[in-house]
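Q: Before anything else, here's the structure in question.
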Amino acid sequence: MNNTDNLNVKTPWIKNLGGVPAHLEYFQGSMYDKVAQIAVNYPDYIAYDFMGGKVKYKDFIRKMDECARALAAIGVKEGERVTICMPNAPQAVIMFYAINKVGAIANMVHPLSSEKEIEFYLKESASVVCITLDQFYGKFENIRGNVPLRSLILTSIKDVLSPIKRKGYYLAEGRKIKKVPANAEIVWWEKFLRDGNNYHGPYHVERKSEDPAVILYSGGTTGTTKGILLSNLNFNALSQQIIATNPMFKPGDKMLAVMPIFHGFGLGVCIHSMLASGGRCLLIPRFNPQSYAKLLKKHKPNFIAGVPTLYEALLRLKTLDGVDLSCLKGVFSGGDSLSIELKKRFDTFLKEHNTTIPVREGYGTTECVTASCLTPSHWAKEGSIGLPFPDTFYKIVKPGTEDEVAYGEEGEICLAGPTVMMEYINNPEETANTLRRHADGLTWVHTGDLGMMDEDGFIYFRQRIKRMIVTSGYNVYPSQIENVLDAHEYVHMSCVIGVPDPLKMQKVVAFVVLKPGLKVTEEEARQAILEHCSRYVAKYAMPADIQFRDDMPKTLVGKVAYRILEEEELHKYAQGA
């Protein structure tokens with residue numbers, strides 16, 4: 001990254017970084033190469049734990065190489081896209097680095113996405129291979145004829161468990177999963193790996209730091225789902241920035257990896273930053289507060305990271321009363337705004353459980369993998385999201401322009417640095433709208449978020465410029481849900497808003513005007529519409545409530561006045577309705 005000495009960029013945060021360096025030298029290779037280097041240095045350190053099983057770095061590399069050979073055996077070539085539609089499980093992590101080793105690009109997809117969403121992700125990325133869990137096979141069976149997949153690899157949680165754990169898993173979960181038909185056009189994980197043993201050709205493609213490596217999904221600047229293409233450098237730089245801003249980290253330290261692998265926060269912070277630095281990932285495939293609390297007590301992790309709703313949920317648990325959490329060196333919050341009140345409450349909780357640190361809030365966008373700004377360990381300001389990472393520059397501009405505003409004045413948050421994405425795939429127009437080269441010579445991400453910077457360089461997030469709902473850390477775009485609702489035969493008009501929720505921060509609420517003359521009850525209509533939504537909308541984005549209206553409030557130009565609906569719901573919330 002360029003030194004700012006010759007750039008016309010204001011960097012008031014430089015003097016306040018404490019012991020954190022302003023500039024770093026970044027690893028010039030692939031993500032696989034970085035982890036392989038770590039495995040040479042720390043072969044007997046634990047790379048990851050999963051449901052009682054521990055895997056050392058030397059064995060992790062062997063598993064990645066085995067998987068890479070199997071990918072080459074089924075014909076995966078450099079630059080092709082391979083989809084991982086998985087929760088946090090060893091197969092997903094192994095496959096991620098194996099894809100990187102063969103020079104392909106990992107397309108990361110939420111396994112709870114609807115089948116239509118999965119179809120979109122596979123088409124948008126032109127994926128040739130996909131790995132998913134057996135329990136999601138039905139979604140792929142329904143769309144298989146519409147997508148360009150050459151191979152569908154199925155795996156099960158039991159594939160990576162000990163014999164005793166397998167039996168327990170089957171009794172608790174496995175027997176509930178619908179059996180995959182014997183004639184299904186799939187290959188099972190274990191057979192996929194065995195077949196690879198017969199392949200004797202090359203399977204390590206040398207890739208440069210600037211080569212594309214990962215596709216993550218986000219709404220971009222318009223709220224329409226976009227594939228974000230990220231490079232090896234984007235992830236490796238992030239991992240080095242994370243370690244630089246957390247000098248208390250030591251190889252062997254444990255991270256409780258609950259944030260999902262298909263999300264930049266989970267993949268970048270909880271997984272790659274640890275594995276590229278000799279850390280230990282405690283992989284959690286599914287979050288619930290009770291099991292998370294048990295893992296906290298059992299594993300005594302050094303770092304935890306999550307969205308505010310995770311910390312809200314932990315505050316409600318009696319099972320953590322009296323538990324010693326002095327093991328914690330870092331507690332990070334991101335993915336959504338951490339309210340000042342929740343931070344105070346959780347900081348008190350941490351102190352009562354023998355920790356010497358507070359929650360440190362960060363901020364970022366998927367267009368920069370994830371976090372690019374973090375509250376420093378030596379200085380926090382109430383309401384602030386912290387200071388930029390090394391080699392990362394922030395400025396606040398007048399919305400719609402490149403004109404920087406004064407300290408303390410609100411505007412659009414823009415950022416530049418080594419984690420900035422390559423492009424939105426298949427969308428040069430929005431890429432050009434979001435990535436802009438300013439007169440200072442840097443390429444800036446125009447985030448679409450409002451914020452301000454103070455004279456010390458601390459950043460403050462205010463709100464999203466665009467109309468977006470954040471529920472449990474996931475971005476939900478009202479226009480997408482409205483499109484699904486409006487497609488139903490009962491619906492004349494719809495409007496979707498986010499309503500405050502004490503657990504999820506926001507929940508999705510839909511307002512619907514039914515078609516005139518419809519002979520169904522509201523309850524019948526509600527059930528039919530929700531059933532329709534479940535086929536096209538991810539579980540986390542499903543409306544928590546559908547309210548029926550005779551008409552919608554309108555603006556002067558005839559648009560639905562969604563702000564009026566928001567104000568009405570906020571008033572109800574304030575009244576405790």
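Q: Based on this model, can you work out whether residue 34 counts as in contact (Cβ under 8 Å) with a residue 40 or more places away in the chain, basic (Lys, Arg) and open to solvent by 10 Å² or more (accessible area, probe 1.4 Å)?
A: yes
Q: Out of the residues in region 275-295 meeting the condition of being outside any loop (DSSP other than H, G, I, E, B), hydrophobic (A, V, I, L, M, F, W, C) and touching a helix residue (DSSP H, G or I) at 6+ places or on another chain (Cβ under 8 Å), tell me which one is farthest from residue 237 (Cα to Cα).
A: Per the stated criteria, the residue is 293.
Residue by residue, here is whether (1) open to solvent by less than 30 Å² (accessible area, probe 1.4 Å); (2) of a type in the set (Lys, Arg); (3) closer than 15 Å to residue 48 by Cβ holds:
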position	(1), (2), (3)
284	yes, no, yes
294	no, yes, no
312	yes, no, no
316	no, yes, no
336	yes, no, no
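Q: Quick one: in region 208-226, of everything that is open to solvent by less than 10 Å² (accessible area, probe 1.4 Å) and at pLDDT 95 or above, which residue is farthest from residue 81 (Cα to Cα)?
A: So the residue we want is 209.
Q: So is residue 387 open to solvent by less than 20 Å² (accessible area, probe 1.4 Å) and either of a type outside the set (A, V, I, L, M, F, W, C) or within 25 Å of residue 214 (Cβ to Cβ) (or both) or not?
A: No; evaluated as a whole, the condition is false for this residue.
Q: Out of 109, 128, 82, which single residue is at pLDDT 95 or above, of a type in the set (A, V, I, L, M, F, W, C) and closer than 23 Å to residue 533 by Cα?
A: On inspection, the qualifying residue turns out to be 109.
Q: Only residues that are in contact with a Leu (Cβ under 9 Å, 6 or more places away or on another chain), buried (at least 19 other Cβ atoms within 10 Å of the Cβ) and among the basic types (Lys, Arg): list them for region 341-367, please.
A: 360
Q: While we're here: Taking region 433-474, which residues are acidic (Asp, Glu) and within 23 Å of the chain's Cα centre (by Cα)?
A: 449
Q: Could you pull out the residue among 503, 530, 514, 565 that is at pLDDT 85 or above, of a type outside the set (Asp, Glu) and under 30 Å from residue 334 (Cβ atoms)?
A: 565
Q: Now, a different point. When you go through 249, 262 one by one, which is the residue that is assigned to a loop (DSSP other than H, G, I, E, B), in contact with a strand residue (DSSP E or B) (Cβ under 7 Å, 6 or more places away or on another chain) and open to solvent by 10 Å² or more (accessible area, probe 1.4 Å)?
A: The match here is 262.
Q: Next question, about the same structure. Which one is surrounded by the most Cβ atoms within 10 Å (Cβ to Cβ), of the residues in region 457-498 that are among the small types (Gly, Ala, Ser) and part of a strand (DSSP E or B)?
A: 494
Q: Specify which of the listed residues (391, 347) is assigned to a loop (DSSP other than H, G, I, E, B) and either more than 19 Å from the chain's Cα centre (by Cα) or within 21 Å of residue 448 (Cα to Cα) (or both).
A: On inspection, the qualifying residue turns out to be 391.
Q: Right, something else. Which of the residues spanning region 394-414 are aromatic (Phe, Trp, Tyr) and not in a strand (DSSP E or B)?
A: Result: 407, single match.
Q: OK, next. Please go through region 504-536 and give me each residue that is in a loop (DSSP other than H, G, I, E, B) and exposed (fewer than 12 other Cβ atoms within 10 Å of the Cβ), ordered by number.
A: 516, 517, 519, 521
Q: If I filter region 396-416 for residues that are within 17 Å of residue 230 (Cα to Cα), open to solvent by 70 Å² or more (accessible area, probe 1.4 Å) and touching a residue at least 12 places away in the same chain (Cβ under 8 Å), do I get at least one hit?
A: no
Q: Taking the condition of being without any contact (Cβ under 8 Å) to a residue 40 or more places away in the chain and not polar (S, T, N, Q), how many residues in region 450-466 meet it?
A: 1
Q: Residue pairs, Cβ under 6 Å, 6 or more apart or interchain, first in region 279-297 and in contact (Cβ under 8 Å) with a residue 40 or more places away in the chain and under 26 Å from residue 39 (Cα atoms), second of a type in the set (Val, Ile, Thr) and open to solvent by 10 Å² or more (accessible area, probe 1.4 Å). List them.
A: Qualifying pairs under 6 Å: 280/46; 284/258.
Q: Residues of region 229-246 being among the aliphatic types (A, V, I, L, M) and either assigned to a strand (DSSP E or B) or free of Cβ contacts under 8 Å to residues at least 12 places away in the same chain (or both), which ones?
A: Passing the criteria: 229, 230.
Q: Looking at residue 244, is it of a type in the set (A, V, I, L, M) and either surrounded by 21 or more Cβ atoms within 10 Å (Cβ to Cβ) or at pLDDT below 95 (or both)?
A: Criteria not met by residue 244.
Q: With 233, 161 as the choices, which residue is surrounded by 12 or more Cβ atoms within 10 Å (Cβ to Cβ), hydrophobic (A, V, I, L, M, F, W, C), within 24 Å of residue 98 (Cβ to Cβ) and at pLDDT 95 or above?
A: Unique residue meeting the criteria: 233.
Q: I'm trying to understand the selection: among the residues of region 394-422, which are within 22 Å of the chain's Cα centre (by Cα) and on the phi < 0 side of the Ramachandran plot?
A: Of everything in region 394-422, those that are within 22 Å of the chain's Cα centre (by Cα) and on the phi < 0 side of the Ramachandran plot turn out to be 394, 413, 414, 415, 416, 418, 419, 420, 421, 422.
Q: To continue, here is another question. Quick check on region 6-27: of everything there that is closer than 21 Å to residue 407 by Cβ and in a helix (DSSP H, G or I), which residue is least open to solvent (accessible area, probe 1.4 Å)?
A: Across region 6-27, the extreme among qualifying residues is 16.
Q: Quickly run through region 537-562 and pick out the residues that are loosely packed, with under 13 Cβ neighbours inside 10 Å and touching a residue at least 60 places away in the same chain (Cβ under 8 Å).
A: Answer for region 537-562, where residues must be loosely packed, with under 13 Cβ neighbours inside 10 Å and touching a residue at least 60 places away in the same chain (Cβ under 8 Å): just 539.
Q: Only residues that are farther than 23 Å from residue 461 by Cα and assigned to a strand (DSSP E or B): list them for region 415-436, please.
A: 423, 424
Q: Take region 352-383 and flag every residue that is under 20 Å from residue 9 (Cβ atoms) and hydroxyl-bearing (Ser, Thr, Tyr).
A: Scanning region 352-383 gives 363, 365, 372.
The values are calculated or read from the model by the stated rules, or taken from the named source; none is laboratory data. Quick caveat: nothing in here was measured; it's all calculated off a predicted structure. Counting neighbours? That spans all protein chains shown, and the Cβs are built from the backbone with ideal geometry, glycine included. We work out accessible area using only protein heavy atoms, side chains counted, and drop any ligands, DNA or RNA first. Shrake-Rupley method; radii C 1.70, N 1.55, O 1.52, S 1.80 Å.
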